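Working notes for the structure below.
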Amino acid sequence: MRATTFSEFLRFYRRRRGLTQEDLAARTGLGVRTLSDLERGRVHTPQAQTVDLLVSGLGLRNEEAEGFVALARSSEASQPRPERTDCTPPAAETLIGRETEQQQIADYISRAATSSVLDVVVVHGPPGVGKTSLAVDTAHRFAGRFTDGCLHLDLRGMDPSPLSAERAIARLLRAFGVPDAKMPSDPNDSLRLYRSLLRERTVLLVLDNAANEAQVRPLLAVSPGSLVLVTSRNVLAGLNSRARVDLGPLRHDGAVALLAATAGAGRTADLESADRVATLCGGVPLALAIAGRTTSSLRHLADQLSDERERLGVLATGDVQVRTAFELSYRLLAPEVATLFRRLALIHGPDTSVELAAVAAGTDDAETLLEELVDASLLRAGVPGRYSFHDLIRDYARERLHSDEPDVETHRLRTRDWLLATATSHASAFVPDDQGAAELAGADRWLSRERANWRGAYREAVADGAHEQVLALARSMHWYSDHRGTGELWLEVYTAGVGAAAALGEEEQRAQQLNFVCWVYIARHTNITMAKRWHHEALRAARECGSLTERAWAHYYRAGIANREGSQADGVVHARQAAELFREAGRPMDVVFALSYSGVLLQRQGRFDEAVETHRACVEQERALRADQRGVALENAAQLTLRLADALVEAGEHDEALSVVARAEELLGRGAANLLSMVRHTRGRVLAAAGRFAEARDQLAGAVESLSDPELKVAVLMEIAGLCDRVGDHDAAVRHRVRALAESEGYESPGMTRLQHDLAEVLGLSA
């Protein structure tokens with residue numbers, strides 16, 4: 001039969017169905033280039049997986065399907081291939097990056113030799129991670145450890161018709177030399193014969209590519225001293241195994257090594273590009289092998305792989321492609337599981353909760369469906385209640401979403417709106433209003449865990465022009481952002497808030513958002529040039545719309561700018577002006593905050609007695625206003641109390657300062673990490689001033705990691721270095737100063753510049 005016969009029938013069946021190559025590619029998950037090569041006869045040995053996908057995509061049934069598969073096999077048979085017996089392991093290749101797993105299996109095999117029961121090891125994992133490669137490597141390395149050698153059987157678990165247990169037993173019996181003439185006709189007799197033959201033998205039995213537990217169980221009739229190694233994309237949780245290997249992607253060093261081995265030393269000389277390609281392939285061996293066989297430079301390949309919409313199309317060579325591996329698992333999913341799989345691609349973050357998955361999928365039974373995806377190794381369960389995709393599988397889910405869903409927009413908007421509404425609601429719990437929040441922990445936990453997801457939804461809303469939702473979320477985040485999240489996050493949120501308010505013609509809200517952006521540049525980025533620019537715009541907008549409150553906040557933030565510039569006297573003027581405007585606007589608690597900040601600036605000027613007096617008055621006023629408020633109001637009270645403690649340290653009142661710090665800690669409870677770090681910092685300063693250097697060092701070391709103010713973080717590292725010098729640990733002092741110098745890079749403020757100068761001088765880096 002001519003080698004082109006398969007190609008001709010492929011083209012004939014496609015045209016009969018009225019499909020273009022692009023249409024068939026969408027149905028099968030194969031690439032257009034692959035289909036073109038198959039139809040032109042450039043691929044003479046199509047893989048069985050590829051043929052199965054074509055049968056499904058072309059809608060072939062019965063005789064036509066059988067004939068089409070036979071044509072593919074006849075093409076394959078016409079190519080020379082090494083002869084091997086039915087259950088002989090295929091040729092092994094050098095395994096790279098799996099040293100840990102190889103050692104695990106070696107330990108299991110050593111244990112099997114002295115075991116009184118049959119040892120079963122299950123190797124499971126997602127498509128393309130190299131389960132078969134690990135199994136074949138095991139077969140070749142350890143066959144000699146077993147008296148009767150090794151048997152290897154591909155159970156074809158991803159085929160439309162996996163190998164049945166009866167057919168598998170027949171093949172194993174033939175491998176033991178049972179001729180067809182003596183093969184039992186009754187399946188039960190075959191099973192008894194199989195068990196009888198193995199009863200006195202010790203073998204390594206490799207059952208590769210298992211579909212499910214039912215397919216494997218009848219084959220486990222092996223005597224103690226033997227070992228059965230089962231590989232499967234499914235977890236096979238119902239299989240009674242003594243050991244499991246959850247095979248995931250390669251670690252980065254192993255991924256780079258595999259890419260180098262496949263691509264050759266010449267192409268991987270560009271180490272930066274090799275690192276990028278290994279990262280973008282997600283450590284999946286199949287993806288790395290395909291990437292290594294491409295002909296383009298690794299730099300060009302990395303640029304191509306950076307586009308997540310094109311990534312799977314790039315990871316293809318001939319009829320071997322990553323997409324095909326995922327397609328085989330996807331086709332076996334029940335319809336409702338496949339629907340959830342697709343719609344999870346609507347979620348932007350690295351993982352999802354059951355609640356969010358239910359919203360995205362539009363189902364009430366998300367947890368059961370998620371677990372089925374975990375069992376199929378298309379999803380991973382990490383932190384309890386959280387589920388995540390591998391990046392390449394997410395790319396595939398996104399492709400299926402856009403090709404298989406008739407109304408993607410409805411599902412996208414449902415997911416987007418739910419995330420925005422829920423984030424806005426939880427952030428609103430941090431507003432220190434008359435009621436306060438009874439319990440912030442739940443709101444804080446949700447906003448933290450779902451941050452990447454609601455941030456992605458926020459970006460969608462900005463792109464969609466959903467100004468009301470954008471502004472509502474930006475307004476709600478003010479008090480939450482005070483001690484939580486990153487500068488990059490809040491710059492994005494509040495800058496979008498400015499645009500949304502402008503689009504809606506909400507001038508007072510625009511002034512508010514401008515003030516918030518100014519705050520980010522002061523408190524999180526310490527970029528005073530940008531802070532001034534946004535301050536001027538905020539103050540002008542507040543004046544134009546007649547908002548006393550936003551004029552007050554503009555002066556409050558101007559005091560912060562003055563503090564960063566070292567102009568504390570000017571800052572006191574602005575802080576007191578802010579307090580007067582807040583009083584006129586009828587906002588007594590904000591008056592307290594403004595006056596308290598004036599106390600901070602008085603302390604920075606060395607006016608310690610005035611600072612202490614100011615802070616005592618503010619603490620008393622806050623206590624009178626707070627009444628029975630809870631939640632974030634207590635965090636605010638703790639912050640005011642810490643400011644008093646700081647002033648007491650400078651005034652030399654160490655015992656009272658320690659008592660006040662303890663009071664702040666009690667108010668705070670389990671509050672924001674930034675505030676807890678501020679407690680440790682203040683306590684550390686008190687202890688250092690009292691000469692208790694070792695205790696002070698411990699407190700400051702515990703404070704430094706969670707501080708959100710860059711200048712304060714650098715200053716604390718310098719304080720720790722000073723304490724290290726005082727106790728004679730000079731090497732540690734140098735390490736802390738070097739880290740402080742690194743932490744200070746990229747910030748623009750006079751205060752940070754002074755810190756950098758001091759660090760450079762003590763480290764001997766000054767010109």
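The values are calculated or read from the model by the stated rules, or taken from the named source; none is laboratory data. All figures in this text were calculated on a predicted structure; none of them were measured in a lab. Quick reminder, even Gly has a Cβ in these numbers, built from the backbone with ideal geometry, and neighbours come from all protein chains shown.
Suppose we keep only residues that are among the small types (Gly, Ala, Ser) and in a loop (DSSP other than H, G, I, E, B) within the stretch 721-767. Which one would you say is surrounded by the most Cβ atoms within 10 Å (Cβ to Cβ)?
My answer is Ser749.
Do you know which residues across the stretch 586-617 are buried (at least 16 other Cβ atoms within 10 Å of the Cβ), in a loop (DSSP other than H, G, I, E, B) and either over 43 Å from the mean Cα position of the chain (by Cα) or in contact (Cβ under 8 Å) with a residue 60 or more places away in the chain (or both)?
Matches in the stretch 586-617: Arg607 only.
If the Cβ limit is 7 Å and pairs must be 6+ apart or interchain, which residue in the stretch 97-120 that is outside the structural domain of Ala257 (by TED's automatic domain parsing) and in contact (Cβ under 8 Å) with a residue 12 or more places away in the chain pairs with which residue that is among the aromatic types (Phe, Trp, Tyr) and in a helix (DSSP H, G or I)?
Pairs that qualify, where the first residue is outside the structural domain of Ala257 (by TED's automatic domain parsing) and in contact (Cβ under 8 Å) with a residue 12 or more places away in the chain and the partner is among the aromatic types (Phe, Trp, Tyr) and in a helix (DSSP H, G or I), are Ile109/Phe142; Asp119/Tyr108.
Spot the failing condition for Leu198; the list is (1) closer than 20 Å to Val136 by Cα; (2) crowded, with 20+ Cβ neighbours inside 10 Å; (3) at pLDDT below 90, and only one is missed.
Against the list (1) closer than 20 Å to Val136 by Cα; (2) crowded, with 20+ Cβ neighbours inside 10 Å; (3) at pLDDT below 90, Leu198 comes up short only on (1).
For Val256, which of the numbered conditions (1) over 26 Å from the mean Cα position of the chain (by Cα); (2) outside any loop (DSSP other than H, G, I, E, B) fails to hold?
That leaves (1) as the condition not met.
Give the stretch 327-380 a look and list any residue that's under 19 Å from Gly157 (Cβ atoms) and either part of a loop (DSSP other than H, G, I, E, B) or among the polar types (S, T, N, Q) (or both), or say none.
Ser329, Leu332, Leu333, Ala334, Ala376, Ser377, Leu378, Leu379
Kindly indicate whether Arg309 is surrounded by fewer than 17 Cβ atoms within 10 Å (Cβ to Cβ), under 23 Å from Gln47 (Cβ atoms) and in contact (Cβ under 8 Å) with a residue 60 or more places away in the chain.
No, not satisfied.
Being outside the structural domain of Val520 (by TED's automatic domain parsing), aliphatic (A, V, I, L, M) and at pLDDT 85 or above narrows it down to one residue among Leu763, Leu717; which is it?
So the residue among Leu763, Leu717 that is outside the structural domain of Val520 (by TED's automatic domain parsing), aliphatic (A, V, I, L, M) and at pLDDT 85 or above is Leu717.
Under 30 Å from Val51 (Cα atoms) and at pLDDT below 90: which single residue out of Gly318, Gly292 fits that description?
Matching residue, one of Gly318, Gly292: Gly318.
Can you find a residue in the stretch 332-350 that is charged (D, E, K, R) and surrounded by 21 or more Cβ atoms within 10 Å (Cβ to Cβ)?
Checked the stretch 332-350: at least one residue is charged (D, E, K, R) and surrounded by 21 or more Cβ atoms within 10 Å (Cβ to Cβ).
For the stretch 289-339, which positions are touching a Gly at 6+ places or on another chain (Cβ under 8 Å) and under 16 Å from Pro127 (Cβ atoms)?
Ala316, Gln321, Val322, Arg323, Thr324, Ala325, Phe326, Glu327, Tyr330
Looking at the stretch 130-140, which of the residues that are closer than 16 Å to Tyr108 by Cβ and touching a helix residue (DSSP H, G or I) at 6+ places or on another chain (Cβ under 8 Å) is surrounded by the most Cβ atoms within 10 Å (Cβ to Cβ)?
Thr138
Test Glu409 against the criterion of being of a type in the set (Asp, Glu) and in contact with a helix residue (DSSP H, G or I) (Cβ under 9 Å, 6 or more places away or on another chain), and give yes or no.
no
Would you say Leu489 is surrounded by 21 or more Cβ atoms within 10 Å (Cβ to Cβ) and either touching a Pro at 6+ places or on another chain (Cβ under 7 Å) or modelled with pLDDT of 95 or more (or both)?
no
Looking at the stretch 447-530, what helices (runs of 4 or more DSSP H) fall wholly within it and have at least 3 residues that are closer than 30 Å to Thr753 by Cα?
478-481, 487-504, 507-523
One line per residue, one yes/no per condition, for (1) touching a Leu at 6+ places or on another chain (Cβ under 8 Å); (2) not basic (Lys, Arg):
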residue: Ser133; (1), (2): yes, yes
residue: Thr138; (1), (2): yes, yes
residue: Arg145; (1), (2): yes, no
residue: Leu151; (1), (2): yes, yes
residue: Leu155; (1), (2): yes, yes
residue: Leu163; (1), (2): yes, yes
residue: Arg174; (1), (2): no, no
residue: Leu207; (1), (2): yes, yes
residue: Pro218; (1), (2): yes, yes
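Do any helices (runs of 4 or more DSSP H) lying entirely in the stretch 144-221 carry at least 2 residues that are outside the structural domain of Val235 (by TED's automatic domain parsing), farther than 23 Å from Val69 by Cβ and in contact (Cβ under 8 Å) with a residue 40 or more places away in the chain, and which ones are they?
Filter on the stretch 144-221 gives an empty set.
Please specify each residue of the stretch 98-155 satisfying the condition of being in contact with a strand residue (DSSP E or B) (Cβ under 8 Å, 6 or more places away or on another chain), at pLDDT 90 or above and polar (S, T, N, Q).
Gln104, Thr132, Thr138
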